[in-house]
Amino acid sequence: MALISSDRTRFPVDPWKLLETTHAPGQAGALETNFSIGNGHLGIRGAHFSPADTELPGTFINGFHETWEIKHAENAFGFARTGQRILYVPDANNFTVVIDGEELSLHSSTVLDYRRSVDFATGIYTADITWACRSGAVVKTTERRAVGFEVRSNLGLSLSLSSDRPVSAEITSTIVNRQDQPVEDHTISDPRRSGRHAGRVLLPLDLEGAGGSLRMSWQTAESHQRVGVAVDHVLSTQELPVETVVDQDLSTVRYVVAVVAGETLTLEKSVSYAVADQGQDKDVRAVAAAELRPVPAIFADSTAHYARYWATSDIVVGAMPELQQAVRWNLFQLAAATARADVAGIPAKGVSGSGYEGHYFWDQEIYLLPYLTYNKPEAARAVLQFRHDLLPLAKERAAELSVDGALFPWRTINGLESSAYYAAGTAQFHIAAAVAFAANRYTWASADADFRDHQGADLLVETARMWVSLGFFGADGSFHIHGVTGPDEYTAVVNDNLYTNVMARFNLRAAAACPHPGVTDEERAVWRAAADRMHLPFSREFNIYSQDNDFMTLEAWDWDTPRDKYPLLLHFHPLVIYRHQVLKQADTVLAMFLQWQDFTAEEKRRAFDFYDPITTGDSTLSACVQGIMAAEVGHPVQAMAHFTEALFIDLDNSHNNTIDGVHIASTGGIWSSLVSGFAGMRDQGVMLNFDPRLPADWDSLEFTLKIRGGLLGVSLTHAGITFTYDAGTPLQLKVRDTVVSVAAGKPVTVPLAEMPALVPLVG
């Protein structure tokens, strides 16, 4: 059901803000996600300040998690043994406001005016509400919040209150341990959603507070991680008595104030968090307290950060304002998920929710690393460094599965495999190629020789060793990889999945070409032979590449299945889905996008025409890729339809699980849809390639890319594409069949002939 795009009265269009101007019941949880803010380390959901007006509020820190023993009904060797789940950290984003004895709440009080926003230009959340109180007073409250970037542990909150007549106000600021609070368990009906632990998880260590200041710490019961929270309050009136109560689950700071008519009372709440892993000798309370900053400084920090961010990361679309607003919301959420993650993974929901347990998947390498590589290459390097740090555990996992080299877990936080369903988890060996591909792309785009020769080389070599031991040379002379699952989780544990084989081939060739002192000439020769003889299933009957050896023999899916039976994974046993010709997401089509040099235009078009109609889009990773390839093969109507679907996945809650957090991989896919889809950018060849496919009703598309130490500006219209570059060494580019050199201070424009459009697909 459409949410924001279908009600532009309630959610007016602003190219630099997400706005809500009328409160209405329903969808509160999805909107808490849409109005969330974060910095990649710390995330705050966009809940209202009153506890009565929230659905699934919370605060998260990337990587802060609890573990538990996975209980398999029928165990087997090599099954994942330790579950991991991101935790709600003690949540400071809570106030209770009582005016003349009436607690203000959207569901029980009279609201005269309502407006809240997230400002993409500053990163600041603001909620302005005017209340008609039962005492006759008209009261306005303004809540503002922002996270820090210079100091990534910071959260700044302010609550202002004014009245048209004198009132008595009771303001209670609370810190809630939401992790140990009883909540509805959403996992019963939807495996995509995160469950909660039974029993207490956060065990109190030191809890102190006085005079409006709190210094508290907890430790997780099993993973033994610690979190410290420091909170200071500043009230903008004369010094008043304050009641401070400290408890492991609900700590409060309470003020009773006589508010003078026409004057504004402001309570500022400065918060800082610190975490420590087991074995780290760190006083988390002291660290959190040392990093506290005044609230105005946190707001200024957020504003300065986003000024720098948009200067090089904005994408301007010459299209309907609704699209520009949605594009910037997606780019804003990318920053919220990645900006200060530092050396850590990027959870599938960033730090906006608990969906998918806070795990890191292949999403970060295939869908997020392109954006980071060309917008914040130092962050891309940090994510890859995180993968490199996990190599020892990846080697242990490879040995457990009887292969050489390194095998990264399908889903993890701490480096151990936590996917309890191996058919759609561990069997997705293609994550190894995703890591190698991202490392190779970063090296290609950044020219970072140190990374190439050390971390990059290690990642390429160890994953190549895994592939050559996983696969085998068959009697037909070809190299085969059996018993794997590709990106399409509706077809599991198959032989010679095309995507897996294509990406493994890339991985083997890249490793064979990369200098590494621990690799012998004999190893390189085997890698090259395996790559050159890699089996790619092809159907002569349909004249297309087959998704795997047996895909073309499967029974067709019944496409009269009612729409309320989608996503299929919630309504059909996996075995029912596995034996049918139906896709959860683009698979072969994705392979042809990533390894674009290896397939002809005709092969890509035939594959898209076959697979697109049988792809359900049940995965939020799919629409962006389908749109990119629709643009390339000449289906502009489908390209725009898929792009729009991806653009509004969370803004419209179209998959009915936005409550659990932003689909961060899809937001990365929006960046790729614009840059690689409509601008037609392809990389990792001899030079950067562009083959633009600007939508007919768009006037222009503008963006910048950080590449080889410089900033490449790209401005696309229907008439031509213009490049600027600010680095000292000229950059070679190819636009369709034209090669140009772009030097600093010398813009280059390449005219574009109109591209013929193919007939839109039907079905």
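Any read-out appearing in this document is the output of simple, stated calculations on the displayed coordinates, not a laboratory observation. Quick caveat, the model's predicted, so the values are computed rather than measured. Please note: Cβ atoms are built from the backbone with ideal geometry, for glycine as well, and neighbour counts cover all protein chains shown.
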Using alpha-carbon positions, the gyration tensor of region 637-763 gives root eigenvalues a ≥ b ≥ c; with a/c under 1.5 called rounded, otherwise prolate if a/b exceeds b/c, else oblate, the class is oblate
So what's the projected area for region 272-396, the Cα convex hull averaged over all directions, in nm²? 10.4
So how tilted is helix 457-470 from the main axis of the chain? Cα-based, degrees 0 to 90, rounded to 10. 60
Limiting things to C-alpha atoms, what are the Rg and the maximum Cα-Cα separation (Dmax) for region 472-552, in angstroms? 14.0, 47
Using θ = phi - 60° and the Karplus form 6.51 cos²θ - 1.76 cosθ + 1.60, what ³J(HN,Hα) does each residue of region 697-709 get, whole Hz, x for Gly and Pro? 9, 9, 7, 6, 8, 10, 7, 10, 10, 8, 8, 6, x
If R0 is 60 Å, what FRET efficiency do you get for ALA198 and ALA727 from their C-beta distance, rounded to 0.05? 0.60
Provide the gained length on full extension for the span LYS565 to GLU150, in nm with one decimal, where the gain is 0.36 nm per separating residue minus the Cα-Cα distance. 144.7 nm
Using a 7 Å offset from the Cα along the Cα-to-Cβ direction at both HIS718 and ASP737, what is the distance between the two label points in nm, to one decimal? 2.4
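Mind checking the full-extension length gain between ALA753 and ARG308? Use 0.36 nm per residue of separation minus the Cα-Cα distance, one decimal, nm.
Going from the current span to full extension adds 156.6 nm.
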Using alpha carbons only: equivalent-ellipsoid semi-axes of region 404-481, gyration tensor based, whole Å: 24, 20, 10
Centroid-to-centroid separation of region 586-643 and region 681-752 [C-alpha atoms, Å]: 23
Given labels modelled 7 Å from the Cα in the Cβ direction, how far is it in nm from VAL13 to ALA556? 4.0
Once phi is turned into ³J(HN,Hα) by the Karplus curve 6.51 cos²θ - 1.76 cosθ + 1.60 with θ = phi - 60°, what whole-Hz value does each residue of region 290-301 show in order, with x for glycine and proline? 5, 9, 4, 10, x, 4, x, 5, 5, 4, 5, 4
Diffing region 303-312: the Karplus 3J(HN,Hα) column from phi (6.51, -1.76, 1.60, θ = phi - 60°), in whole Hz with x for Gly and Pro, holds 4, 5, 4, 6, 4, 5, 4, 6, 4, 10
For region 499-565 the GluC sites (Glu not before Pro) that pass both the DSSP coil test and the at-most-10 other-Cβ-within-10 Å test are GLU541
For region 358-421, the Debye formula with one identical point scatterer on each Cα and no solvent gives log10 I(q)/I(0) at q = 0.18, 0.22, 0.25 Å⁻¹ as -0.68, -0.92, -1.06
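Report Rg/Rh for the chain, rounded to two decimals, where Rg is the Cα radius of gyration and Rh the Kirkwood radius.
Using only Cα positions, Rg/Rh for the chain is 0.98.
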Lys pairs, the chain - Cα-Cα below 26 angstrom, 8 or more residues apart or on other chains: 22
Note on region 121-265: the mean projected area of its alpha-carbon convex hull, in nm², is 12.5
Divide, for region 1-40, the radius of gyration over alpha carbons by 2.2 N^0.38 Å, where N is the residue count. 1.21
Could you work out how far helix 601-611 tilts from the main Cα principal axis of the chain, as a 0 to 90 degree angle to the nearest 10? 60
Antiparallel DSSP beta bridges within region 314-714, percent to nearest 5: 80
Prolate/oblate/rounded label for region 444-509 (Cα gyration tensor, a/c 1.5): prolate
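If I stretch the segment between HIS482 and ALA286 completely, what's the gain in nm (0.36 nm per residue apart, minus their alpha carbon distance), one decimal?
Result: 65.3 nm gained on full extension.
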Looking at region 77-121, which chymotrypsin sites (Phe, Trp or Tyr not before Pro) are DSSP coil and have at most 10 other C-beta atoms within 10 Å of their C-beta? PHE77
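In region 248-329, which trypsin sites (Lys or Arg not before Pro) fall in coil by DSSP and have 16 or fewer other Cβ atoms within 10 Å? Please list the in-between numbers first.
Working: sites: ARG254, LYS269, LYS282, ARG285, ARG308, ARG328; in loops: LYS282.
Here the sparse-neighbourhood loop sites are LYS282.
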Sorted on mean Cβ neighbours within 10 Å (highest first), peptides 687-694, 213-220 come out as 213-220, 687-694
Can you grab the distance from the C-alpha centre of region 101-117 to the C-alpha centre of region 364-382, Å, no decimals? 42
Which of the listed residues, ALA337, LEU536, ALA513, is farthest toward the dipole's positive end in region 314-714, when Lys, Arg count +1 and Asp, Glu count -1 at the beta-carbon? ALA513
How large is the helix-only mean residue ellipticity at 222 nm for the chain, computed as the sum of -39500 (n - 2.57) over DSSP H runs with n ≥ 4, divided by its residue count, in deg cm²/dmol to the nearest 500? -8000 deg cm²/dmol
extent check for region 314-714: Cα max minus min per principal axis, descending, whole Å, gives 58, 51, 41
Once amide H atoms are built 1.01 Å from N in the peptide plane, which residues 5 or more positions from ALA339, or in another chain, come under 5 Å H to H? GLY40
Once Lys and Arg get +1 and Asp and Glu get -1 on their Cβ, which of GLY355, ILE61, SER419 lies farthest toward the positive end of the dipole of the chain? ILE61
Å³ per residue enclosed by the Cα convex hull of region 33-127: 162
